[in-house]
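Working notes for the structure below.
Each reported figure results from applying straightforward, stated rules to the coordinates on display, with no laboratory input. Computed from a predicted structure; not experimentally measured. All Cβ positions, glycine included, derive from the backbone under ideal geometry; neighbour counts span all protein chains shown.
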Amino acid sequence: MSLLTTLDVRPAALSDAPHIAELYADTAKEAFKTMQTGAKVLPVPEEKNSTYWREAIEFAEPQVQVAVDGDKIVGFVGYDRSRDKGTPNTLGEIWDIYVHATHWGQGVGLALWDAAREGLQEEGCTHVSIWVPIANDRAMRFHELAGFKREMSSAKTVPMGPVKVEEIRLKQAL
């Protein structure tokens, strides 16, 4: 990666949708390689294609910010109010946060998290949550270092293609 001084985080444009979809697929595959699920590699959910991201950007559901290094998108975050039933409208949620593997450990995730936190605070959110697969050690470590705490009672099993994955909600005050 080039120097972080070239890193810019900005709202996603409609023209970014195919790049976000490609980054999502590539990064999810890389991240899923490390998860212990009994399957070689978890399948990447197909519903998050260019159309999904184009609509997300157009309708701001979720709001999407991209991290750009030079002229290349190297990460993105999608955030909005929590989708969990029964939660107050002051609870925000990180819907997705992905950084290309070539940029892991370089501060890109933190820059995206900062952008999401600011956006959620502007929306009046006082807390934020994220659902993370328990077996995704890298994501768990990142979010816990960012101050998120596990809600042990929230653990659930969700289908991901032919595999079932254990997820847990992490939460923190803004």
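Starting from residues that are part of a helix (DSSP H, G or I) and within 24 Å of Glu167 (Cα to Cα), keep the ones in segment 69-110 and report whichever is farthest from the chain's Cα centre (by Cα).
Ala101
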Which pairs turn up if I take residues in segment 139-161 that are touching a residue at least 12 places away in the same chain (Cβ under 8 Å) and look for partners that are of a type in the set (Lys, Arg) and surrounded by 12 or more Cβ atoms within 10 Å (Cβ to Cβ) with beta carbon separation below 7 Å, at least 6 apart in sequence or on another chain? Phe148/Lys171; Lys149/Lys171; Glu151/Arg169; Glu151/Lys171; Ser154/Arg169
Output the residues belonging to segment 120-136 that are surrounded by 14 or more Cβ atoms within 10 Å (Cβ to Cβ) and in a helix (DSSP H, G or I). Leu120
